[in-house]
Amino acid sequence: MNFQLSEEQQMLADSAKRFVRDNSNVETHRQNKKLMPLNETTWQQLAELGWLAVPFEEEHGGMGMGPLETMVLLEALGEGLIMSPYIATVVLGGGFLRRADAATQAKTIPALIEGRLQLAFAAEEYERVFSLENTTLQGAVKGNDVVLNGTKASVMNGDQADLLVVLVRTAGQPGDKEGLSLFLVDANAEGIERAPHRMVDGRQGAEIRFADVSVSQDACIGELNKGYDVAKAVLQEGLLALSAESVGSMSVLLDDTVEYTKTRKQFGVPISKFQVLQFRMTDMFIVMEQTRSLLLASTLKYVEGHADADKAVHAMKAQLGRAGRKIGQEAIQIHGGMGMTDELGVGHFVKRLTAADGLFGNADVHLRGMVKPA
């Protein structure tokens, strides 16, 4: 297991950090949060830089990279509160496209890489502790078609997606891993109603309602009733990407807090001289390094196919929630009242970490996932 970044990976990280320095600041983020829909300029910039192509094969115009490079890229972008549907479209949506049939790949992946196609993964449902097997949205098989009825909640990029990857129960009961299917559905198909909303960090999502939406079985990704394993594999990639982005945000909170204590004075000396604050910032640093190390270890375990890769991903998502809360709360408290203002970046990063904790199961859900039998 090699913990060192390759030259190519380091170049990717450096270029992403330069992009953040040149294109991201608190005021830009505040303005973007007011937009509905988001300005597509950033998305097109990512396409021009080739970053939408990172996880795709060269035959489709991709860069032939994988989760490690995605981790490197998103950790750097996470330092800038970049508002883009990268995880929803490239990591999750693209993950399903890479597992679709050849005809679907040829039709969709080049358009995604060029920035002309956006996707969303519709999995979360109301009144359900998040778990893929808890899916209840019904898919009634009628001949060569499947008719969808139900509601999906908090769908990342669900308001702007051109295509939806919908997790559907076509057989069995909630709680069964068997009987789940994945369908690639036109987001503007008859019977689909989207109710856009904002997440706590300003990113956009949607509640999506399906009323007698008919899709062909040819739109199924993988086999009918056998979608659990595909969905799980893609979701793991999404959880690792979300964690990488969050690690980037945590590192900014730590660095900004340390820098603030060097300039803020009380009793004529910088508050960084106060031992109690030194101890608290040391705790923040330790949590930060533990989280970054776990991110790298869990990503490598997933890439290399280790037997405990599933538990490592659960552990990473659980750590993300706990570490984000610890670092975020300390950053706000050490900054004092300023930490609560909209003009300072601290609050925005804390909101980003809060939203990340709640997506696809919070820390408690993934702690339970670590001890559940596979």
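Summary table below
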read-out: Top-ranked residue in segment 3-12 [being part of a helix (DSSP H, G or I) and surrounded by fewer than 16 Cβ atoms within 10 Å (Cβ to Cβ); ranked as modelled with the lowest pLDDT]; value: 7
read-out: Residue list for segment 18-35, restricted to those being under 20 Å from the mean Cα position of the chain (by Cα), closer than 21 Å to residue 118 by Cα and part of a loop (DSSP other than H, G, I, E, B); value: 33
read-out: Near pairs, Cβ below 8 angstrom, 6+ apart or cross-chain, from segment 64-91 (under 22 Å from residue 165 (Cα atoms) and among the hydrophobic types (A, V, I, L, M, F, W, C)) to any residue that is open to solvent by 20 Å² or more (accessible area, probe 1.4 Å) and assigned to a helix (DSSP H, G or I); value: 83/32; 83/42; 91/237
read-out: Of the criteria (1) without any contact (Cβ under 8 Å) to a residue 40 or more places away in the chain; (2) open to solvent by 70 Å² or more (accessible area, probe 1.4 Å), which one residue 304 fails; value: (1)
read-out: Residues being farther than 30 Å from residue 342 by Cβ and open to solvent by 30 Å² or more (accessible area, probe 1.4 Å) - total across segment 197-218; value: 7
read-out: Filter pass, residue 164 being at pLDDT 95 or above and part of a strand (DSSP E or B); value: yes
read-out: Residue match in segment 93-105 (condition: under 21 Å from residue 52 (Cβ atoms), without any contact (Cβ under 8 Å) to a residue 60 or more places away in the chain, among the β-branched types (Val, Ile, Thr) and part of a helix (DSSP H, G or I)); value: no
read-out: Check on residue 264, closer than 18 Å to residue 252 by Cβ, open to solvent by 10 Å² or more (accessible area, probe 1.4 Å) and modelled with pLDDT under 95; value: yes
read-out: Long-range neighbours under 7 Å by Cβ, at least six apart or interchain, first residue open to solvent by 40 Å² or more (accessible area, probe 1.4 Å) within segment 122-135, second not in a loop (DSSP other than H, G, I, E, B); value: 126/151; 126/153; 128/134; 129/365
read-out: Residue in segment 129-157 that is farthest from residue 92 (Cα to Cα), counting only those that are part of a loop (DSSP other than H, G, I, E, B) and touching a helix residue (DSSP H, G or I) at 6+ places or on another chain (Cβ under 8 Å); value: 144
read-out: Residue check, residue 361 assigned to a loop (DSSP other than H, G, I, E, B), modelled with pLDDT under 95, closer than 28 Å to residue 131 by Cα and not basic (Lys, Arg); value: yes
read-out: Among (1) in a helix (DSSP H, G or I); (2) touching a helix residue (DSSP H, G or I) at 6+ places or on another chain (Cβ under 7 Å); (3) open to solvent by 60 Å² or more (accessible area, probe 1.4 Å); (4) touching a residue at least 24 places away in the same chain (Cβ under 8 Å), the one test that residue 176 misses; value: (1)
read-out: Contacts under 8 angstrom Cβ, first residue in segment 44-62 being under 14 Å from residue 86 (Cα atoms), partner open to solvent by 60 Å² or more (accessible area, probe 1.4 Å) and among the basic types (Lys, Arg), 6 or more apart; value: 55/98; 56/98
read-out: Among the residues listed as 42, 70, the single one being part of a helix (DSSP H, G or I), more than 21 Å from residue 304 (Cα to Cα) and not acidic (Asp, Glu); value: 42
read-out: Selected residue (only one of 227, 248, 238, 202 is under 26 Å from residue 93 (Cα atoms) and touching a strand residue (DSSP E or B) at 6+ places or on another chain (Cβ under 6 Å)); value: 227
read-out: Output for segment 187-230, where each listed residue is touching a Phe, Trp or Tyr at 6+ places or on another chain (Cβ under 8 Å) and over 30 Å from residue 34 (Cα atoms); value: 215, 219, 220, 221, 230
read-out: Residue identified as at pLDDT 90 or above, farther than 29 Å from residue 206 by Cβ and not in a helix (DSSP H, G or I) among 307, 315; value: 307
read-out: Conditions (1) crowded, with 22+ Cβ neighbours inside 10 Å; (2) part of a helix (DSSP H, G or I); number of the one not met by residue 337; value: (1)
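The values are calculated or read from the model by the stated rules, or taken from the named source; none is laboratory data. Predicted model only: the values in this text are computed from it and were never measured. Virtual Cβ from ideal backbone geometry, glycine too; neighbours counted across all protein chains shown. Ligands, DNA and RNA are stripped out before the accessible areas are found, and what is left, the full protein with its side chains, is counted by its heavy atoms. Shrake-Rupley method; radii C 1.70, N 1.55, O 1.52, S 1.80 Å.
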